[in-house]
Each structure stands twice: as structure tokens, then as C-alpha cells.
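The values are calculated or read from the model by the stated rules, or taken from the named source; none is laboratory data. No experiment lies behind these values; they were computed from the predicted model shown. Cβ coordinates were reconstructed from backbone atoms using ideal geometry, including for glycine residues, and neighbour counts include every protein chain displayed. Note: areas computed on protein heavy atoms with side chains; ligands, DNA, RNA excluded. Shrake-Rupley method; radii C 1.70, N 1.55, O 1.52, S 1.80 Å.
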Amino acid sequence: MPGPDPAGTTPAPVGGDGVIHLGDRRTTRADRQEPTTGPHDEPADTPEARLAQTIQAMYLSRRRTLTDPETAEAYDIAIDAFTLIVNGAQARGGLRPEDHDLLQRMLDTARRAPTIL
């Protein structure tokens, strides 16, 4: 059950189908360790920026923010956990290599959300 929804913090669907399309704008693990863009360097209309804004809105709806270093660290730990799950699914034969690669690129992009804000 979702928590209270303070005015103006409800995550809005992106695009007509509610899906944020990342297209060919994918990152690698090297981007995570040494980002090529710093905070506020990402144009607001990129898929990555819209994803970061959507994730931030989810946190704001629970009175948290990814701009807080402790919250950003906890978010990074959660992404690590999701990565373990995706890697485990691939190891057990539950994901095709191309599906694993797609999910990993999506997680790597999502991991950048705090640095994009």
C-alpha cells in the first residue's frame, strides 16, 4: 500500500504508455565509477533525466530525496541487490544473455539517478 501522497510529488507517467524508453543511450559500469556528467549536467529532456526525475518523485512521495547522501547510498545498495537478482536469474538459466544485458544496462542507467539530479 503506497504511503501518503504530498501534493506535487506523485510520479507522473512518462510518455503515452507510461514507459521510459532508454533507446540506444546506454551506459557501462565505467560510467558508474567515473561519470562523464556531473550533477545537473544532464539535459532535463533526456530519457535518463526523466527516469531520475521519476525515481526522485517516488522518493519525495515518501519524504526522502536522492540528493541526500545517505539516501543515495541506500539506493545504490538496492541497485546492487537487484543486480544480484538479475545475475542469479542468468546463472540459473532464467534469462537469455541478451535479456540479461538489457536488464544490466537498465540497472546501470537507474544507478546514475542521484548524480543526474
Of the conditions (1) out of contact with any Leu (no Cβ under 6 Å at 6 or more places or on another chain); (2) open to solvent by 30 Å² or more (accessible area, probe 1.4 Å), Ile55 fails just one. Which one is it? (2)
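A quick yes/no check of all residues on (1) open to solvent by less than 60 Å² (accessible area, probe 1.4 Å); (2) modelled with pLDDT under 75:
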| position | (1), (2) |
| --- | --- |
| Pro6 | yes, yes |
| Ala12 | no, yes |
| Gly16 | no, yes |
| Pro39 | no, yes |
| Arg63 | no, no |
| Thr71 | yes, no |
| Ile77 | no, no |
